[in-house]
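Working notes, structure below.
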Amino acid sequence: MKKQNTYLSKQKLEEFKKILLEEKAKILANLSEEEDLYINQSEGDEGDLADVSLNNDMLNRLSDFEIEKLRLIDRALEKIEEGTYGICEGTGQPIPEARLRAVPWTLYTVEYAEKLNKSKKKRS
């Protein structure tokens, strides 16, 4: 059950919103640069083509990570608008401000995130 955010002041919420929007802008700029760097080469020896393939795979994985981070940032921005930013989506408990400063797009407390990771590892 979600709780209304009562422990973060409007000033702090605005500060986190600014941080999230800046991070989102950085990611979008990086993704644009990565698109420009994406190598589409069909000529060269096998070694050249293997290097190109490896580089493209690495860029794809990095982009996937950044796309997921963008999704989390958008969700955090929604939570600011809803008045639920800083509330763990798993427990309904406040996320400590230190964690929000470290990972402003987090949806969970450290304890709940660790619990989720352990659960995912067991299923793998």
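The values are calculated or read from the model by the stated rules, or taken from the named source; none is laboratory data. Quick caveat, the model's predicted, so the values are computed rather than measured. Here Cβ is always computed from backbone atoms with ideal geometry, including for glycine, and neighbour counts include all displayed protein chains.
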Report summary line: Within segment 92-105, residues being in contact with a helix residue (DSSP H, G or I) (Cβ under 7 Å, 6 or more places away or on another chain) and either of a type in the set (D, E, K, R) or at pLDDT below 95 (or both) number 1
Requested in this report: For Ala50, state whether it is at pLDDT 95 or above, part of a helix (DSSP H, G or I) and among the aliphatic types (A, V, I, L, M).
Outcome: no
